[in-house]
Amino acid sequence: MNRAFLAGLVRLAITLAVIGAVILAVLVPFALPHEHPGTVIAAFLLGPLSSLRHLGNVAEYATPIAFTGLAATVVFRSGLFNLGIESGVFLGGLAATTAALLLPSFGPFTPLVAIVFGAVVGSISCIVPGELRLRWEAPEMVTSLVLNFAILYAGVFFLNYYLRDPAAGSLMSYRIPADAKLDRLLAGTRLNSGAIVALVACLAGGVWLYFTRSGLNLRIVGQGPVFASHLGLPSRRIIMQAQIVGGMIAGMAGAIQVLGLYPRFSWTQLPGLGWTGIIIAILARENPFYVVPAALFLGYLQVGGDFLARDIGIPSEVVGLITAAIMLAVTATAIFQHPAVLRLIRRIRQVEAAR
Amino acid sequence: MTDRRDDGERAAGQAPVVAFDHISKTYANGTIALRDVSFAIPARTIHAICGENGAGKSTLMKILFGLEGPTGGHVLLDGQPVSTATRDFAGRHGIGMVHQHFSLIPTLSVTENIILGHEPKKGVLIDRAAARAKVEALSQRYGLAVDPDAITGRLPVAAQQKVEILKALSRDTRVLILDEPTAVLSPPEINELFNRLRDLRDHGITILFISHKLNEVRSLAESVTVLRAGQVAGAARLADVPDNMIMQMVMGRPVEITRREPRQVTGAPLLVMSGVSLASRDPADRLRDIDLVIHPGEIVGVAGVDGSGQRGLVSLVTGAARPGAGSISFDGEDMGAASTARWRACGMAHLPSDRFTQGGVPALTLIENAIAGTDGDRRFQRGPFLRGGAISEAVAGMVEDYSVRALSIGERLDSLSGGNVQKLIAARELATEPRFLIADQPTRGIDVAAAAFIHKRILAAAERGAAVLLVTADLDELLRLSDRVVVMFGGQITAVLPNEAQLTPERLGPFMLGLEDMP
């Protein structure tokens, strides 16, 4: 068997053990006051797996965050910590709604046109901080964070004055026309064809990063910027490419979320999907192939949380608590770079090499 | 301007203020930095410590300053053994250090920087008046004039260094360590600094002066200890020894050098630099009026003390910097504004001095590092896709050919030892059959076998007709490989010498140290 694969298993096993321990550590204090603490934990852990419909819910939750996780991965791989993906999602949703409402129908291609429009407009949110960084060395983390809110309020202004349905009770757009909506895949859930696009996008992203020349160059620029300049790679162009692609994926996430799930566009706050995408990217170790399982896992936690809220009365915010604790644990160098772990991995490799 | 007043006699009879007693230091990773170092420094003298990079000077000073503990032996202060690696050791014992890279906070005022860490207090507040008075008193006492209210980062470098010295003196200092203090200064500023240092000695402060510039050592210090490879290679009173003896101590016993037969170069030169200058923020990178030609098949070795302009020279011929004046041409084409990509396209290959940041990406695999930069190579690519099978085969061949020792080519680059990393980088850079090879410290820090292997490959590249620019601090390597030797000092070429039998490290030394200039 492949040594690197075996050594990878050690990390996977530790990751799973850490995640399990964290879930229990957070959940047990909530479960203990309950009559049957076991049922609480069972509801959380097994509930999401209990029926096809619930599995559908998991996938439904996972769809947008797989997109944003992929977007964050692409952007981070360029070496920039560009947080513009958060407003990219918002902008993508708004632009897709605008296209659906204001452009004529393109028959079966209407959703496609709306999504592409959303992606292109959404990419602005990542392009602007990237350009500011490349041209004037303005720290992209700060500019993207601030730009997120500028885009939100400009978007709300646009919604209020151009898309608002005066007949609706609160601030929301006109109804999105039926031919712009995505197909539902599973009865009783909101799972839609966007999930398939997300899966394909993540696989394509993985192929790009690991099996193409431009993906290799992107990883070289992100992880070895000095080396990249010594090679004579066009670093600025490669970095900007990643911002554009990442921003477009974020915009797609927003477009697919709105067209797949909602009757109208009604975001007046940042949806938070971009932030979750950053969590996914870190959890997936910035590997697009791992983004899918990571997104499904967070979806699974979310559905488990819904079970707690619905059946047991434990607030579903617990899920946020668990996610945060998992983030702390799985990024802990103290665990994954622990000398004992590194020794174990080295020994496995050497034993294999000796054979 | 030499000043050789012998203050050793004044201190006679007292215990030496600092003595090292069989100091050894082995780091956790097995590197031996110091081996059984013993010597003493009499009070009220200026004592120089010389040696090449990596000779152990800095480690020894870190031990004296209390930043690290020795793994064997003792430091003695006034004849008493002390344990150095304890909290605030240096402050308590009156040892101050002026670091090569200033330890000042640029946004704070001069006063704030000097009192930082031992601020005079009024209740819980800093007593600013007392602090200012203290700085003024210090400044007057030692004749180091600074404006206590100036913002440190806005001062010129020489003034910042005064602040750094005052900071080091601010705690009843008896021993002052200066680590390469002249590297950032111009000649008049160096003179001024030396005068101040002599004043300090007359005030009763013992000064440890770390340098590899022999002329400076001679003009300032009374005695010198030379370190080589972590051991004391010699000690002397400067009045008693000639320069070449100290040089021999620094560089080691003259080794028998097997030179290659100098080749007859024919035809037009490939690289021509004329009157090239380079402006840079770092004075060590600045260049003035460089004239250099390299012919096809010729190896030109660049000798010089670290920071004499070699880095600037390399940055110009790799497209990392553009010349401020003068012209650079390669094979008849003007390369004054050429980018790295353009240089590469012309057949430039580069073995950089910093293998892990400039030569590869530690977190990527051997395969990925080996094919980096081969964009568009049909063997490795089909359209945008990498041809995994063909690449693995080719990289396995490179690893075999260059005898890179690795568990597998799928391992990360940082799983290899330094020598093997360098062999892989050489395999990649030479795979393109370059017309112009830049080898910057190609064998620094790698084992003898790997070094010999790299040498063979560099020679083979030259045989094939490549022009080679070899920058190295290893004079043995320089004389072994070069057809012609160029010596740099202070950003200028001070000598161009054919590599003949009478060319020895001793002959090169005065040029490298700026003591001699070729007419």
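Observations
- 3J(HN,Hα) along the range A:11-17: 5, 4, 4, 5, 4, 4, 4 Hz, from the Karplus curve 6.51 cos²θ - 1.76 cosθ + 1.60 with θ = phi - 60°, whole Hz, x for Gly and Pro.
- Radius 12 Å from Cβ of residue A:330, net charge of other residues (Lys, Arg +1; Asp, Glu -1): +2
- Chain A: relative contact order in percent, alpha carbon pairs under 8 Å with at least 6 residues between: 33
- For the range B:383-409 versus the range B:163-184, the gap between their alpha-carbon centres in whole angstrom: 52
- The mean sequence separation of alpha-carbon pairs under 8 Å and at least six residues apart, normalised by the residue count of the range B:102-171, gives a relative contact order of 46 percent.
- Rounded to the nearest 20 debye, the dipole magnitude of the range B:360-431 is 120 debye, with +1 charges on Lys and Arg beta carbons, -1 on Asp and Glu beta carbons, and the Cα centre as origin.
- Rounded to 5, the percent of DSSP beta bridges in the protein assembly as shown classed as antiparallel: 60
- Ordering A:76, B:330, A:44 from the fewest to the most neighbouring beta carbons within 10 Å gives A:76, B:330, A:44.
- Once you reduce the range A:267-321 and the range A:176-216 to the center of their Cα atoms, the two points are 18 Å from each other.
- Under the span-like rule (Cα at least 15 Å along the axis, Kyte-Doolittle mean at least -1.0), DSSP H helices of chain B: B:128-141, B:157-169, B:388-401, B:418-431, B:448-463
- Of A:50, B:353, B:219, the sequence from fewest to most neighbouring Cβ atoms within 10 angstrom is A:50, B:219, B:353.
- Hz values of 3J(HN,Hα) by residue in the range A:283-293 - Karplus curve (6.51, -1.76, 1.60), Gly and Pro given as x: 4, 7, 6, 6, 10, x, 5, 7, 5, 4, x
- Here B:202, B:476, B:36 are placed in order of increasing Cβ neighbour count within 10 Å, fewest first, which gives B:202, B:36, B:476.
- Ellipticity estimate at 222 nm from DSSP helix runs (n ≥ 4, -39,500 (n - 2.57)) divided over chain A, nearest 500: -24000 deg cm²/dmol
- Amide H within-cut-off set for residue B:100, under 5 Å, with H built and near neighbours excluded: B:179
- Dipole orientation for the protein assembly as shown: of the candidates A:7, B:34, A:176, A:176 has the Cα lying most toward the positive pole (charges on Cβ; Lys, Arg +1; Asp, Glu -1).
- Under a 5 Å amide H cut-off, with hydrogens placed 1.01 Å from N, residue B:109 pairs with B:152 among residues at least 5 apart or on other chains.
- Amide H within-cut-off set for residue B:147, under 5 Å, with H built and near neighbours excluded: none
- Centre-to-centre, using Cα atoms only, the range A:147-163 and the range A:1-52 are separated by 41 Å.
- Size of charge dipole - chain A - debye, nearest 20, with Cβ of Lys, Arg +1 and Asp, Glu -1, no other charges: 1100
- Charge sum, other residues only, whose C-beta stays under 12 Å from residue B:486's C-beta, Lys/Arg counted +1 and Asp/Glu -1: -2
- Within straight-line cross-link reach of residue B:62, aspartates and glutamates at Cα separation under 20 Å, skipping those fewer than 8 residues along the same chain: B:21, B:36, B:52, B:78, B:88, B:164, B:172, B:179, B:180
- Residue A:165 sits among other residues whose Cβ lies under 15 Å from its own Cβ, and their net charge, with Lys and Arg +1 and Asp and Glu -1, is +3.
- With R₀ fixed at 41 Å, the C-beta to C-beta distance from residue A:210 to residue A:179 puts the FRET efficiency at about 0.60.
All of the numbers you see were taken from the coordinates with simple rules; none came from a lab. Computed from a prediction, not measured in an experiment: that's the story for all the values here. Backbone-built Cβ (ideal geometry, glycine too); neighbour counts: all protein chains shown.
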